[in-house]
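So the structure is just underneath, and the comments pick up after that.
The values are calculated or read from the model by the stated rules, or taken from the named source; none is laboratory data. Source: prediction; values computed, not measured. Cβ: placed from backbone, ideal geometry, glycine included. Neighbour counts: every protein chain shown. The protein model used for the area step is the full one, side chains on, heavy atoms only, and it has no ligands, DNA or RNA in it. Shrake-Rupley method; radii C 1.70, N 1.55, O 1.52, S 1.80 Å.
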Amino acid sequence: MAGELPTNAEIADRFALLGDLLEIEGAVRHRVLAYRRAAARVRSTPASVAAMAVAGRATDLPDIGATLQSKIAELTETGTIAALDAIRERVPEGLAAIAGLEGIGPKRAVALWRDLGVTDVEQLAQAVADGRLGEVSGFGPATRDRLVEQLAQRAARGADHAERIPLGRALPLAEEIAADLRAAVPGARVEVAGSLRRGRESVHDIDIVAATDRPAALQDALAANTAVERVLSRGDAAMAVATHVGVRIELAIGPPGSFGNLLQHATGSAAHNVRLRELAVRRGLSVSQHGIAGPEGTAAMADEDGVYAALGLAPIPPELREDAGEIEAAQSGPLEPLVALPDIRGELHSHTTWSDGTLGVTAMVEAARALGYGYLAISDHSRSLAMAGGLDADRVRRQWEEIDEENARRSDITVLKATEVDILADGRIDFDDELLAGFDWVTASIHSALTQDAERITRRVLAAVESPFVDTIGHPTGRMLGRRDAAPVDIGRLAEAAARTGTLLEINGQPRRLDLDSQMARRALAAGARLTIGADAHSAEALGYIRFGVLVARRAGARPDQVANTAEWPALAAARAGRLRAAGLY
DNA sequence: GCCGTTTTCGGCCCGACTGTTTTCAGTCG
């Protein structure tokens, strides 16, 4: 690590491991929690925490005190943390992975170590195979079966962490199941909660909450849903099931009168809820899914805003509930409104059969019109993206003729001559300025040479930002969830340049992209840049991907006025003309 | 280990379910 600052993820991993090993060793619980909190805080901090620690500023972050700051500085300077090295001498590191298995925790991991000498998952698998598990107290047949299953799965798909499924798949599934439950028990109030409601880009479980006086009927309906593989647990108020797609569903049920408390509770995040309950305790109150208990008894809230109001807080949108300062903000007054789906007035990123879309211009326009949009940008690929049938100048001009005809036929929506033009490997734009000048809207994107080093790829995207003809940078990092990491584009420099030139940065709503992600979008906004939200639609249904982009924007804290396509086309066109005039064109 | 409308010590969020227990500990969210 000589010369290089440790990344936030590296620092967080070490703190998390330290916390795990301390827990196994039997350290005071709150000390363990302090390490975990610190790990989460470091992981979610956008700036380099190592640099902050070296400057003595890491303690500005919540959950980081003098002790942990010095440990971060130590890691930065020496490449190691003595306290971590020391505990590794005392507690085998492999026990942390064992304790991480479902149904196993620190206590049982220690029992395995003590009674069988098992110190890692491989040895545990051997012990299970040898039938030695029965020698350990606390391990009955059910625990053994669960372990056998997990170890088999682990062997099949590799040792790495549990499966997460993308928002774009999980949210529709969750909504389908919620609808099924509503149909099964008329009158029941059923909502999707948890990390899905907060708009996380991928989730490892689906949380659903319900209010009904017939809880058993609702639980039966979930158990009978065709998506459900088997019931994992079932009590009076909570139930968990496994689905065929591998994601777990948790259903929590309560009475209608406290639905607000239950929804708030199940929406989380865990860190947000903990912070909220701590705040409540300081006021002599106790918050749970059942209500808010105080000296005068327990008050139940039918809606969520009531929960926050009872704690002296303004309402907090689910997407912001990550303990990232939202509670403090809500203490001092109403939060600024976040962009919402109905604010979106048009789509700036779509494809047709002219390149790699599945529908023609007319069909896409009809679909956009059905969504109530005032405009649709037909932004097919440019010539260099041959794989996607990119258009050359000649085909562009023929497409413009079709768009002119489309506009001549209708007055209910404006069809924009647009392009998603490639930013070539050397930073040039795939079309010349003369052609670019003819478009109504230009999105420029990187699709190739994504493995360039940070400096090259950043300069390449910056070159496009500086072009007066480019309105938006499409999916700025080129990442594909689960397939390809973000290219190392320097978001700080990109945002600064975009703020200066007025070039917009896209949040691409395609579920596999979600690019910019919410953290990068937040940084871009902080630098003064503005955004577009695009569906990158290749079909009519895919226009609906805009909702995922809106969720990302909300997690970034974007106001409606910070998202360009909340404006009607005439306003957008006027702003664009202003940019071009400022650049000395027209 | 962090932190302060309980300020530099003594607290630290709340509840559900399972399995193995013989009344509850461990784990999870």
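Does A:Glu336 satisfy the criteria of being more than 9 Å from DNA strand B (Cβ to nearest atom) and open to solvent by 50 Å² or more (accessible area, probe 1.4 Å)?
yes
For A:Thr532, indicate whether it is of a type in the set (Ser, Thr, Tyr) and open to solvent by less than 30 Å² (accessible area, probe 1.4 Å).
yes
Residues to consider are A:Ala155, A:Ala179, A:Ala174; find the one that is under 30 Å from A:Leu543 (Cα atoms), touching a residue at least 12 places away in the same chain (Cβ under 8 Å) and more than 12 Å from DNA strand B (Cβ to nearest atom).
Residue meeting the stated conditions: A:Ala174.
Tell me which of these A:Arg146 doesn't satisfy, since it passes every other one: (1) out of contact with any helix residue (DSSP H, G or I) (no Cβ under 8 Å at 6 or more places or on another chain); (2) closer than 30 Å to A:Ile206 by Cβ; (3) away from DNA strand B (no atom under 12 Å from the Cβ).
Condition not satisfied by A:Arg146: (3).
In segment A:201-215, how many are open to solvent by less than 50 Å² (accessible area, probe 1.4 Å) and either within 12 Å of DNA strand B (Cβ to nearest atom) or free of Cβ contacts under 8 Å to residues at least 40 places away in the same chain (or both)?
7
Just to check your reading of the model, which residue among A:Arg234, A:Arg169, A:Arg198, A:Arg230 is open to solvent by less than 30 Å² (accessible area, probe 1.4 Å) and among the basic types (Lys, Arg)?
A:Arg198
Output the residues belonging to segment A:135-159 that are of a type in the set (D, E, K, R) and open to solvent by 70 Å² or more (accessible area, probe 1.4 Å).
If the condition is that a residue be of a type in the set (D, E, K, R) and open to solvent by 70 Å² or more (accessible area, probe 1.4 Å), then A:Glu135, A:Arg144, A:Asp145, A:Arg146, A:Glu149, A:Arg157 are the ones that fit.
Conditions (1) of a type in the set (S, T, N, Q); (2) surrounded by fewer than 19 Cβ atoms within 10 Å (Cβ to Cβ), marked per residue:
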position	(1), (2)
A:Leu263	no, no
A:Glu278	no, yes
A:His290	no, yes
A:Leu313	no, no
A:Ile316	no, no
A:Ala329	no, yes
A:His349	no, no
A:Thr352	yes, no
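Looking at segment A:484-503, which of its residues are open to solvent by 20 Å² or more (accessible area, probe 1.4 Å) and outside any helix (DSSP H, G or I)?
Selection gives A:Arg484, A:Asp485, A:Ala486, A:Pro488, A:Asp490, A:Gly502.
Would you pick out the residues in segment A:471-483 that are in a strand (DSSP E or B) and surrounded by 18 or more Cβ atoms within 10 Å (Cβ to Cβ)?
Within segment A:471-483, A:Thr472, A:Ile473 qualify.
Taking segment A:367-391, which residues are of a type in the set (S, T, N, Q) and open to solvent by 10 Å² or more (accessible area, probe 1.4 Å)?
Scanning segment A:367-391 gives a single hit, A:Ser384.
Show me the helices (runs of 4 or more DSSP H) found entirely inside segment A:24-134 where at least 2 residues are surrounded by fewer than 13 Cβ atoms within 10 Å (Cβ to Cβ) and within 8 Å of DNA strand B (Cβ to nearest atom).
A:29-43, A:66-78
Please enumerate the residues belonging to segment A:454-470 that are of a type in the set (A, V, I, L, M, F, W, C) and part of a loop (DSSP other than H, G, I, E, B).
The answer is A:Phe469, A:Val470.
From A:Arg154, A:Arg146, A:Arg182, A:Arg164, which residue is among the charged types (D, E, K, R) and at pLDDT 95 or above?
A:Arg182
Only one of (1) more than 24 Å from the chain's Cα centre (by Cα); (2) more than 13 Å from DNA strand B (Cβ to nearest atom); (3) basic (Lys, Arg) fails for A:Arg321. Which number is that?
With (1) more than 24 Å from the chain's Cα centre (by Cα); (2) more than 13 Å from DNA strand B (Cβ to nearest atom); (3) basic (Lys, Arg) applied to A:Arg321, the lone miss is (1).
Restricting segment A:255-273 to residues that are small (Gly, Ala, Ser) and touching a strand residue (DSSP E or B) at 6+ places or on another chain (Cβ under 6 Å), which is farthest from DNA strand B (Cβ to nearest atom)?
Among those residues, the one meeting the criterion is A:Ser258.
I need the full set of residues from segment A:528-541 which are aliphatic (A, V, I, L, M) and touching a strand residue (DSSP E or B) at 6+ places or on another chain (Cβ under 8 Å), in order please.
Result: A:Ala529, A:Leu531, A:Ile533, A:Ala535, A:Ala537.
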